[in-house]
Amino acid sequence: MNKKITVGITLAFIFIAIALTFTATMIYSMNLFDQKIVSIQERETMYDKISQIDSFVRQNYYREIDDSRIQDGLARGYIAGTGDDGIRYFTNQEYSRIIETKSGKLCGIGVEHEVNASGYVQITEVHASTSAEKIGMEAGDTIVMVNDEDALELGADKVAEALYGSEGDEVTLTYTRDGLDYTFAFVYGMYETRSVASYDVEGYAYFRFSSFTLLTYDQFQEELAERLASGEVKGLILDLRNTDGGYDLNVIAKIMDKLIGQCTMISGIYQGGYTKVLYTSDKEKVDLPTAVLVNGGTKGYSELFAAAMGECDNVRIVGEQTCGSGTYGVFDQFTDGTAIYVPVCELLACGSVRYNETGVTPDFVTASFDDFVLPDGAPSILQDLQLRKAVEMLDSEF
């Protein structure tokens, strides 16, 4: 009798558990369904509004409508509506330029650039054996005209596009230097970007990273081996100023692995708060006192590089607060060649260091001269206050 009662009770508990599971599943499914219905209704409202706008404009606008521009505008509008500057939309041409930049092999006049405070495109580096080098363009030159059109009226994006083109084609640029204007026809040609340059600075091996491409790791390996083989090196100076870190996290991770001992180098906080280890480093490293130079133009994966290096005992960060863009994202290309970039996680340096939206704070805060431009060549501690501070710090602390 007792055995029958025990079996009966057991079966009752099983049926109750099944009922509870079924009920919970139904509640979850209904909530999910309700959420989807709301989402569908919201999307329908949004699409209906766009349709009304499109219908009214096409019936009343007195000029011809460029549907391609409308599509690009709709995509950019959606991205802007998220309120997150990290989500970006790229036209076919813009995305193609990103792929070329990532590869390190480009077709253009042969320069790196930035937009200065006045809104002009300013040259930051001239690559060897390019049209720009042959003509004599230098870092610091400011482009004021493109094919007889005013650069400010064109806008920085259009001026930047004019620096690249099809091999053999030409573009006429006017640039200013020391108050004088120079106008030349530049010929587009293929070139490889040299993203790392190294120099001896007061006995320290100085490395200037102008960009990060698929070629950067090998270039850094070559420069590092050459510097270490040239004689006694007191330490390293890594210059990440005005560098965005590129689009390939793997490149940064490989370089970091050369300089950081065994640890969790890079982690990511994903949707829902889930944390995932992305890269670890081994025990092997170049163990030398190191200064890392940063400023407000240090962005993206360069900030990750600086933040991780700053966790090492024999490394100090010198310069100014960095930008604060600490996310990892993915691209999705559409059939028409356009693409979007969406951040999927917040990056953590060495497993715990957060810098997104706040930036990396230097150990030694030092401003540069107001008119200082990073040289396209050997650096000078007389002209570069931040570099001078790095040398003084390394001499005194290590």
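The values are calculated or read from the model by the stated rules, or taken from the named source; none is laboratory data. This one's a predicted model, so the numbers in the text were calculated from it and none came from an experiment. When we count neighbours, we look across all protein chains shown, and the Cβ atoms used for this are built from the backbone with ideal geometry, even at glycine.
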When both residues are 6+ apart or on different chains and their Cβ atoms are under 7 Å apart, which pairs have a first residue that lies in the stretch 213-240 and is surrounded by fewer than 20 Cβ atoms within 10 Å (Cβ to Cβ), and a second that is of a type in the set (S, T, N, Q) and part of a helix (DSSP H, G or I)? 214/103
Residue that is nearest to residue 239 (Cα to Cα) [pool: residues in the stretch 358-384 that are of a type in the set (A, V, I, L, M, F, W, C) and buried (at least 20 other Cβ atoms within 10 Å of the Cβ)]: 374
Checking residue 106 against (1) of a type in the set (A, V, I, L, M); (2) more than 27 Å from residue 217 (Cβ to Cβ); (3) under 19 Å from the mean Cα position of the chain (by Cα), the condition it does not meet: (2)
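For every residue, the table says whether it meets (1) in a loop (DSSP other than H, G, I, E, B); (2) of a type in the set (Gly, Ala, Ser).
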residue	(1), (2)
159	no, no
184	no, no
200	no, no
205	no, yes
212	yes, no
221	no, no
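Quick grid of which residues meet (1) over 27 Å from residue 219 (Cα atoms); (2) surrounded by fewer than 18 Cβ atoms within 10 Å (Cβ to Cβ):
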| residue | (1), (2) |
| --- | --- |
| 77 | yes, yes |
| 110 | no, no |
| 165 | no, yes |
| 172 | yes, yes |
If only one of 319, 245, 300 is touching a Gly at 6+ places or on another chain (Cβ under 6 Å), in contact (Cβ under 8 Å) with a residue 40 or more places away in the chain and farther than 17 Å from residue 353 by Cα, which one is it? 245
Per the filter on the stretch 226-257, residues of a type outside the set (A, V, I, L, M, F, W, C) and either part of a strand (DSSP E or B) or over 21 Å from the mean Cα position of the chain (by Cα) (or both) are 226, 227, 230, 231, 232, 234, 235, 239
Somewhere in the stretch 272-279, is a residue at pLDDT 95 or above and part of a loop (DSSP other than H, G, I, E, B)? no
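Going through the stretch 289-306 one residue at a time, which ones are under 23 Å from the mean Cα position of the chain (by Cα) and either part of a loop (DSSP other than H, G, I, E, B) or not assigned by TED's automatic domain parsing to the domain that holds residue 349 (or both)?
Listed by number, the residues that qualify are 295, 296, 297, 298, 299, 300.
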Do we have residue 216 as under 16 Å from the mean Cα position of the chain (by Cα), of a type outside the set (A, V, I, L, M, F, W, C) and at pLDDT 95 or above here? yes
Can you pull out every residue in the stretch 54-94 that is touching a Ser or Thr at 6+ places or on another chain (Cβ under 8 Å) and closer than 26 Å to residue 346 by Cβ? 75, 86, 89, 90
Scan the stretch 114-134 residue by residue and report those that are hydrophobic (A, V, I, L, M, F, W, C), surrounded by 21 or more Cβ atoms within 10 Å (Cβ to Cβ) and more than 21 Å from the chain's Cα centre (by Cα). 132
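Among the listed residues 105, 158, identify the single one that is surrounded by fewer than 17 Cβ atoms within 10 Å (Cβ to Cβ) and under 30 Å from residue 226 (Cβ atoms).
105
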Looking at (1) surrounded by 17 or more Cβ atoms within 10 Å (Cβ to Cβ); (2) over 26 Å from residue 123 (Cβ atoms), can you tell me which one residue 271 breaks? (1)
Sole residue being within 16 Å of residue 304 (Cα to Cα), assigned by TED's automatic domain parsing to the domain that holds residue 219 and surrounded by fewer than 17 Cβ atoms within 10 Å (Cβ to Cβ), chosen from 286, 277: 277
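Table: residues versus (1) more than 30 Å from residue 189 (Cβ to Cβ); (2) basic (Lys, Arg).
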| site | (1), (2) |
| --- | --- |
| 64 | yes, no |
| 76 | yes, yes |
| 115 | no, no |
| 134 | no, yes |
| 137 | no, no |
